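Following: one structure in structure tokens, then a few remarks.
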Amino acid sequence: AQSVTQLDSQVPVFEEAPVELRCNYSSSVSVYLFWYVQYPNQGLQLLLKYLSGSTLVKGINGFEAEFNKSQTSFHLRKPSVHISDTAEYFCALFSGKLIFGQGTTLQVKP
Amino acid sequence: EAEVAQSPRYKITEKSQAVAFWCDPISGHATLYWYRQILGQGPELLVQFQDESVVDDSQLPKDRFSAERLKGVDSTLKIQPAELGDSAMYLCASSLEGSRAFFGQGTRLTVV
């Protein structure tokens, strides 16, 4: 069975500091990997995706993620965060169906 | 950009009543998902359709929940009877294939 584990439930960080949100996955078959962002009382918006090819993928709003097959990880990074990045972030995998991790709350402080 | 439409945005219902949510996916998207998201948690897949057929409903509480996608376009998720523990955000998403799912704004259900 496939699963997604987000290692941090909350990540507080100061504005303009770098941030990393960690995601590990488990699957016996090849998967597609995604990061989504959710603002309060909204649906999910795609930040970036890994389907194949280069292991470093760039997304919207300055986010990027690196696929590491040996570590079964797909960590999300941003070199300098803004107050507006405060939101819930979800890692997800697709292998026939789309399943999500429990989410990480990114709290950007001024 | 085309969007997934959901209605209503908010719904308050009394326990033991019936409630229904509607979703209209992006035109041409064969795959449709319904998720339940309890506050502070990740979305939990309830049911996945491929066209009009159910692909996965292993996590759907079938004693009270039902879902249909007649004609393989829009979809309805029903709860009867609603329970207090059903209070959550219900999200619909659609996908052309596995490369990306587009989400609607969700329906926030409160059972009182």
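The values are calculated or read from the model by the stated rules, or taken from the named source; none is laboratory data. Remember, it's a predicted structure, so these values are computed and weren't measured experimentally. In this analysis, Cβ positions are derived from the backbone assuming ideal geometry, glycine residues included, and neighbour counts consider all displayed protein chains. Each accessible area value is taken on the protein alone, full model and side chains, heavy atoms only, with ligands, DNA and RNA left out. Shrake-Rupley method; radii C 1.70, N 1.55, O 1.52, S 1.80 Å.
Within the stretch A:85-110, the set of residues being facing another protein chain (nearest Cβ under 9 Å) and either at positive phi or among the hydroxyl-bearing types (Ser, Thr, Tyr) (or both) comprises A:Ser95, A:Gly96, A:Gly103, A:Thr105.
Candidates are the residues of the stretch A:1-55 that are of a type in the set (D, E, K, R) and in contact with a Ser or Thr (Cβ under 8 Å, 6 or more places away or on another chain); the one that is farthest from A:Ala65 (Cα to Cα) is A:Glu16.
Per the listing A:Val29, A:Val81, A:Val108, the residue uniquely open to solvent by less than 40 Å² (accessible area, probe 1.4 Å), in contact (Cβ under 8 Å) with a residue 60 or more places away in the chain and not in a strand (DSSP E or B) is A:Val81.
Of everything in the stretch B:12-27 that is open to solvent by less than 80 Å² (accessible area, probe 1.4 Å) and closer than 13 Å to B:Leu109 by Cβ, the residue that is farthest from the chain's Cα centre (by Cα) is B:Thr13.
Is one or more of the residues making up the stretch A:11-19 farther than 29 Å from B:Ala30 by Cα and in contact with a helix residue (DSSP H, G or I) (Cβ under 7 Å, 6 or more places away or on another chain)? Within the stretch A:11-19, one or more residues are farther than 29 Å from B:Ala30 by Cα and in contact with a helix residue (DSSP H, G or I) (Cβ under 7 Å, 6 or more places away or on another chain). Residues in the stretch B:87-101 that are in a strand (DSSP E or B), at the interface with chain A (Cβ under 8 Å from one of its Cβ atoms) and farther than 16 Å from B:Ala20 by Cα: B:Ala93, B:Ser95.
Take the residues in the stretch A:32-65 that are charged (D, E, K, R) and more than 13 Å from every other protein chain (Cβ to nearest Cβ); name whichever of them is surrounded by the most Cβ atoms within 10 Å (Cβ to Cβ).
Let us first name the residues in the stretch A:32-65 that are charged (D, E, K, R), namely A:49, A:58, A:64.
If we keep only those that are more than 13 Å from every other protein chain (Cβ to nearest Cβ) as well, we get A:58, A:64.
On the way: A:Lys58: 11, A:Glu64: 16.
Top of the filtered list is A:Glu64.
Does B:Thr107 satisfy the criteria of being of a type in the set (Val, Ile, Thr), more than 8 Å from chain A (Cβ to nearest Cβ) and surrounded by 19 or more Cβ atoms within 10 Å (Cβ to Cβ)? Answer is yes for this residue.
Residue-by-condition table, conditions (1) open to solvent by 10 Å² or more (accessible area, probe 1.4 Å); (2) within 14 Å of chain A (Cβ to nearest Cβ):
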site: B:His29; (1), (2): yes, yes
site: B:Arg36; (1), (2): yes, yes
site: B:Leu45; (1), (2): yes, yes
site: B:Phe49; (1), (2): no, yes
site: B:Asp63; (1), (2): yes, no
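Are any of the residues in the stretch B:65-73 open to solvent by 80 Å² or more (accessible area, probe 1.4 Å), more than 20 Å from A:Asn41 (Cα to Cα) and not in a loop (DSSP other than H, G, I, E, B)?
Taking the stretch B:65-73 and keeping what is open to solvent by 80 Å² or more (accessible area, probe 1.4 Å), we get B:70-71.
Remaining after also requiring more than 20 Å from A:Asn41 (Cα to Cα): B:70-71.
Adding the requirement that they be not in a loop (DSSP other than H, G, I, E, B) leaves B:70-71.
Yes, the stretch B:65-73 contains a residue that is open to solvent by 80 Å² or more (accessible area, probe 1.4 Å), more than 20 Å from A:Asn41 (Cα to Cα) and not in a loop (DSSP other than H, G, I, E, B).
The residue list A:Val57, A:Val11 contains one member that is assigned to a strand (DSSP E or B), over 11 Å from the mean Cα position of the chain (by Cα) and free of Cβ contacts under 8 Å to residues at least 40 places away in the same chain, which is A:Val57. Within the stretch A:55-66, none of the residues are modelled with pLDDT under 95, of a type outside the set (Val, Ile, Thr) and closer than 21 Å to B:Leu32 by Cβ.
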